[in-house]
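Below: one structure, written as structure tokens.
The values are calculated or read from the model by the stated rules, or taken from the named source; none is laboratory data. Note that the structure is predicted; figures quoted are calculated from it, not measured. Note that we place each Cβ from the backbone using ideal geometry, even for glycine, and neighbour counts take in every protein chain shown.
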Amino acid sequence: MKSTMLKTLLLASAFSAAGFAETVTVQVPFSFSAAGHALPAGEYTFVEETAGVLIVTGATPGTSMLVLTRGGDAISPEKTGATFSDSKALTCIKMPDGKKIELIGSAK
């Protein structure tokens, strides 16, 4: 049931965000955690659905999730990517429009 609900939310989010959502794709070469969930190394796409919600989609089945976020400082638009803590926890995503999105509940 939970998996079906998540897939439905992700599908609805994709349709509502089509054409104007900011997206970043990152190849993560190591296992990491995001909002308390362990994720394997691989390619991940991060989409800011709305303010406060980030869609994380991995290439491996079972690696997609929704994460609560808060806005951070603005950065240079050409510097996109992901930032990790020393413990390999995902802490923020840098979007193409220059926005830095911080994950809520991630260790720094």
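Taking the residues in the stretch 75-89 that are among the small types (Gly, Ala, Ser) and more than 15 Å from Val24 (Cβ to Cβ) as candidates, determine which candidate is nearest to the chain's Cα centre (by Cα).
Ranking the qualifying residues of the stretch 75-89, first place goes to Ala89.
With the requirement that a residue be touching a Ser or Thr at 6+ places or on another chain (Cβ under 8 Å) and either on the phi > 0 side of the Ramachandran plot or hydroxyl-bearing (Ser, Thr, Tyr) (or both), what does the stretch 55-76 give you?
Result: Thr57, Thr63, Ser64.
Filtering the stretch 30-65 down to residues that are part of a strand (DSSP E or B) and touching a helix residue (DSSP H, G or I) at 6+ places or on another chain (Cβ under 7 Å), which residue is modelled with the lowest pLDDT?
Glu49
Mind checking which residues of the stretch 66-84 are assigned to a loop (DSSP other than H, G, I, E, B) and either of a type in the set (Lys, Arg) or surrounded by fewer than 18 Cβ atoms within 10 Å (Cβ to Cβ) (or both)?
Hits for the stretch 66-84 are Ile75, Ser76, Pro77, Glu78, Lys79.
Would you pick out the residues in the stretch 44-65 that are loosely packed, with under 15 Cβ neighbours inside 10 Å and either closer than 18 Å to Val28 by Cβ or of a type in the set (S, T, N, Q) (or both)?
Thr45, Thr50, Ala59, Thr60, Pro61, Gly62
Cβ-Cβ distance below 7 Å, separation of 6 or more or different chains: which pairs start in the stretch 97-108 with a residue that is modelled with pLDDT of 75 or more and surrounded by fewer than 17 Cβ atoms within 10 Å (Cβ to Cβ) and end on one that is in a loop (DSSP other than H, G, I, E, B) and of a type in the set (D, E, K, R)?
Short answer, once both residue conditions are applied: Asp97/Glu22.
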